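I have placed the structure first, in the form of structure tokens, so that the comments after it can refer back to it.
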Amino acid sequence: MATNTDYYETLGVNKNSTPDEIKKSYRKLAMQYHPDRNPDNKEAETKFKEINEAYEVLKDEQKRAAYDRYGHQAFTSGMGGAGAGANPFNGFDFTGAGFADVFSDIFSEFTGQGRTRSRSYATRGEDIRYDLVLSLEEAFTGVEKEITINTSKKCESCNGHGTADGKEPQTCPTCNGSGKIRTQQGGFFVFETTCPQCRGAGRIVIEKCKKCRGTGKERIEKSLKIKIPAGIEHGTRMRVSKEGEIGKNGGPNGDLYVFISIKEHETYERDGADLYIKTPISMVKAALGGEFNITGIDGQKITVEIKPGTQPNDKIRLKNKGMRYMNSDRRGDLFVLFDVVIPQKLTPEQKECLKRFEENTPEEEKSFWEKLFS
């Protein structure tokens with residue numbers, strides 16, 4: 001090994017970086033410190049070796065996992081874990097790749113002189129979207145829903161290869177398995193197009209499977225049980241790993257994404273974990289006070305107290321009577337908004353009572369009724 005410097009630090013990335021981010025950083029640094037760009041610069045040459053060494057480890061999932069767990073000891077003889085001297089990476093040459101090989105990898109897109117690499121035959125399956133509609137009560141309690149999705153399974157007749165004999169298709173002779181054709185014009189510029197014979201697949205099926213017509217898969221309906229957590233919100237996207245379309249030619253399955261929609265409720269409006277309810281009360285109850293019962297989102301009876309002198313659009317807060325917070329035992333609050341109802345039709349007796357009430361109401365108390373009727 002050329003150095004014990006942290007590989008992530010060497011490449012200017014962190015442990016959470018994706019493979020694409022690591023590759024992008026590596027290419028940038030490799031171009032910067034390449035010996036051809038830094039002739040007779042020993043420091044740049046050393047830096048280039050360190051970059052190459054770090055990338056050889058971090059670009060490989062198994063080596064990266066071993067490095068994350070054991071550090072540089074993962075690549076020295078006598079490391080524990082699998083038994084002394086059993087290190088699966090011992091003896092791996094991290095710096096054996098020639099500068100010319102690395103340089104050709106980096107600039108292959110521009111010069112067309114890089115090494116030709118075969119296109120991966122196995123491809124990941126596509127993701128599936130499913131829209132699931134819940135009631136507000138179901139969102140509160142959580143629920144297990146059985147859904148049916150249209151997906152695919154591997155064709156048993158051809159073992160997923162799409163060929164009549166059930167064997168892997170042959171490598172495309174036109175692109176040598178790369179799926180691309182390169183043509184060079186003007187000396188430096190290279191144009192890359194999809195191979196017309198295999199259409200980018202890198203393989204060609206001479207005789208197609210009659211059952212699946214060369215697709216390698218069959219359409220099916222599949223039932224799944226999905227557990228919806230209590231407190232889930234409208235617009236939440238749930239990922240169900242590997243329940244999407246099957247991968248092609250042994251590739252991994254795609255994922256299923258369940259998009260949650262919550263129906264509008266007859267009584268309640270939701271704002272995060274809080275609930276709001278607007279309830280009408282008579283002007284008599286608004287003036288004198290009283291109480292009434294409502295049914296909470298959990299189905300329990302809630303007694304609501306009306307204070308004397310309640311004004312239109314006044315509200316009260318009932319703690320811990322709202323929705324659940326997802327993945328928590330906590331609950332939001334319930335807000336009750338009062339809508340004071342003014343009668344539109346009064347009997348002669350009622351009118352007379354209100355007139356007498358108004359005549360006997362002190363000036364300082366009339367403000368309530370002025371607000372109520374304004």
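The values are calculated or read from the model by the stated rules, or taken from the named source; none is laboratory data. Bear in mind the structure is a predicted one, so any value in this text is a computation, not a measurement. A quick note on method: Cβ atoms are made from the backbone with ideal geometry, for glycine too, and the neighbour counts reach across all protein chains shown.
Some points to look at:
- Unmet criterion (only one of (1) without any contact (Cβ under 8 Å) to a residue 24 or more places away in the chain; (2) in a strand (DSSP E or B)) for GLU192: (1)
- Enumeration of residues in region 21-55 that are free of Cβ contacts under 8 Å to residues at least 40 places away in the same chain and closer than 23 Å to ALA74 by Cβ: GLU21, ILE22, LYS23, SER25, TYR26, LEU29, LYS47
- Residue check, GLN197 surrounded by fewer than 15 Cβ atoms within 10 Å (Cβ to Cβ) and in a loop (DSSP other than H, G, I, E, B): yes
- Residue tally, condition out of contact with any helix residue (DSSP H, G or I) (no Cβ under 6 Å at 6 or more places or on another chain), at pLDDT below 90 and not hydroxyl-bearing (Ser, Thr, Tyr), over region 1-14: 2
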